[in-house]
1. Of all residues in region 210-240, how many are closer than 17 Å to GLN305 by Cβ and part of a strand (DSSP E or B)?
2. For the list (1) under 20 Å from the mean Cα position of the chain (by Cα); (2) at pLDDT 90 or above; (3) aliphatic (A, V, I, L, M), I need the number of the one condition that ALA114 fails.
3. Quick test of your reading of the structure: SER161 fulfils all but one of (1) assigned to a loop (DSSP other than H, G, I, E, B); (2) out of contact with any Ser or Thr (no Cβ under 7 Å at 6 or more places or on another chain); (3) closer than 23 Å to LEU277 by Cα. Name the failing condition by number.
4. Residues that are modelled with pLDDT of 90 or more and surrounded by fewer than 19 Cβ atoms within 10 Å (Cβ to Cβ): list the helices (runs of 4 or more DSSP H) wholly contained in region 1-85 that include at least 3 such residues.
5. Answer with yes or no whether SER207 is surrounded by fewer than 18 Cβ atoms within 10 Å (Cβ to Cβ) and either hydroxyl-bearing (Ser, Thr, Tyr) or in a strand (DSSP E or B) (or both).
6. For region 186-196, does any single residue satisfy the condition of being at pLDDT 90 or above, under 27 Å from the mean Cα position of the chain (by Cα), crowded, with 19+ Cβ neighbours inside 10 Å and of a type in the set (D, E, K, R)?
7. Just to be sure, is LEU174 modelled with pLDDT under 90 and either surrounded by fewer than 19 Cβ atoms within 10 Å (Cβ to Cβ) or assigned by TED's automatic domain parsing to the domain that holds ILE117 (or both)?
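The values are calculated or read from the model by the stated rules, or taken from the named source; none is laboratory data. These numbers were taken from a predicted model, which means no experiment stands behind them. Counting neighbours? That spans all protein chains shown, and the Cβs are built from the backbone with ideal geometry, glycine included.
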Amino acid sequence: MQFFQEAEYDVLLTDPCFGGGVLLAHRLGLPLVFNVRWTIMEDGHYTVAPSPLSYVPIAGSELTDKKSFWQRMKNVFFSLIILNNRNMIKEPHYTPFVHRHFGPDVHYDELVQAADIWLMRTDFTFEFPRPTMPNIVYMGGFQCKPSKALPKDLEDFVQSSAEHGVIIMSLGTLVGNLPEDIAEDVAAAFAQLPQKVIWRHTGKRPSTLGNNTLLVDWLPQNDLLGHPKTRLFVAHGGTNGLQEAIYHGVPIIGLPLVFDQHDNLFRMRAKGVARVLDIGTLNKDNFLEVLKVVLYEPSYRKNIQELSRLHRDQPMKPLDRAMFWIEFVMRHKGAAHLKTNSYKMSWIQYHCIDVITLLLALVMLMSLICILIVKCLWHEVFGGKKYNPK
């Protein structure tokens with residue numbers, strides 16, 4: 001802590017999925033910038049921006065922004081689960097720690113919501129339309145860039161595919177290999193295609209591997225996705241890989257495994273650029289069928305290329321936009337003018353429950369007064385007798 005204080009930093013950049021950076025910024029009194037998609041509890045949007053349940057789908061609900069009555073009911077149900085999980089995480093763990101080390105008036109949720117800038121690792125080619133806030137800056141695809149030349153051995157292999165093109169398969173940095181039986185089915189399906197396949201696989205070499213498939217320990221994913229001969233990307237559904245597929249306009253087959261991957265791939269499926277398979281039910285036949293559908297049905301490539309055009313058509317590159325706002329916060333010692341005070345309000349105040357209650361009480365009071373006036377007039381005019389028109 002003494003080292004940090006003596007260094008006199010200008011800003012703290014952190015991912016709010018873990019709490020250390022948030023607490024450090026508060027202790028040092030530094031402006032706080034998030035590199036964010038998820039907080040410890042939920043999608044960052046739900047922490048800082050209005051999220052009407054009528055058209056903003058809860059992550060994991062597999063709903064779009066267009067919902068029937070029962071789908072809205074499902075969305076509300078998912079929101080209650082998220083709220084319960086948030087309370088379970090916050091109360092037993094963070095709150096006692098924060099109160100013990102930072103004081104009883106400091107609340108972790110408020111520290112998160114008080115961040116100056118939220119650099120959101122997504123954009124609206126990926127998200128469904130939703131409300132946002134002035135201090136949310138979208139930098140989806142910030143890591144994407146034009147492809148560079150491939151190493152000679154890879155380029156020769158890609159060029160050998162002729163007019164059929166190449167399929168890229170990678171399940172991210174955390175998963176280098178699949179269970180042997182699934183790997184055998186994947187290899188057998190690839191072997192029946194005319195395309196060449198570059199597959200990042202560090203496990204045992206499948207016995208069903210065809211001559212058209214190259215196994216590698218590592219591959220230059222961005223450069224391969226940007227190659228004109230690439231026809232398809234088989235992916236686990238991580239945000240970075242999907243953003244690169246959008247940037248380069250390559251259709252997707254998703255094999256989600258953990259974390260947010262199911263939700264990410266659902267969004268791609270809803271936009272008509274991907275098909276998704278459950279890894280637990282994958283076999284040679286259904287994998288081969290999906291491969292052929294995405295390879296030969298033109299709508300998948302057409303849709304992903306339209307997303308690519310939308311993503312690229314913006315006045316400033318996402319990384320340049322992120323750098324501008326980090327430097328903005330450093331120049332101005334924060335961005336207080338962009339932050340709402342909503343996080344300081346109670347749930348009752350935020351939803352105007354107190355105002356609505358008062359208005360209802362006034363309406364009921366006025367109604368009661370009107371009823372009493374009518375009763376008094378009735379007794380005054382008719383003497384309390386029943387009115388007889390004869």
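1. 4
2. The one condition ALA114 does not meet is (1).
3. The failed condition is (3).
4. Values: elements: 2-7, 20-28, 44-48.
Where helices (runs of 4 or more DSSP H) fall fully within region 1-85 and carry at least 3 residues being modelled with pLDDT of 90 or more and surrounded by fewer than 19 Cβ atoms within 10 Å (Cβ to Cβ), they are 2-7, 20-28.
5. Values: surrounded by fewer than 18 Cβ atoms within 10 Å (Cβ to Cβ): yes; either hydroxyl-bearing (Ser, Thr, Tyr) or in a strand (DSSP E or B) (or both): yes.
Judged against the criteria, SER207 is a match.
6. Looking only at region 186-196, we keep the residues that are at pLDDT 90 or above, and these are 186-196.
Narrowing the set further to residues that are under 27 Å from the mean Cα position of the chain (by Cα) leaves none.
Within region 186-196, none of the residues are at pLDDT 90 or above, under 27 Å from the mean Cα position of the chain (by Cα), crowded, with 19+ Cβ neighbours inside 10 Å and of a type in the set (D, E, K, R).
7. Details: modelled with pLDDT under 90: yes; either surrounded by fewer than 19 Cβ atoms within 10 Å (Cβ to Cβ) or assigned by TED's automatic domain parsing to the domain that holds ILE117 (or both): yes.
The answer is yes for LEU174.
Here is a yes/no grid of residues against (1) modelled with pLDDT under 95; (2) within 16 Å of ILE198 (Cα to Cα); (3) among the polar types (S, T, N, Q):
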{"site": "THR95", "(1), (2), (3)": "yes, no, yes"}
{"site": "HIS107", "(1), (2), (3)": "yes, no, no"}
{"site": "THR125", "(1), (2), (3)": "yes, no, yes"}
{"site": "ILE136", "(1), (2), (3)": "no, no, no"}
{"site": "GLY141", "(1), (2), (3)": "yes, no, no"}
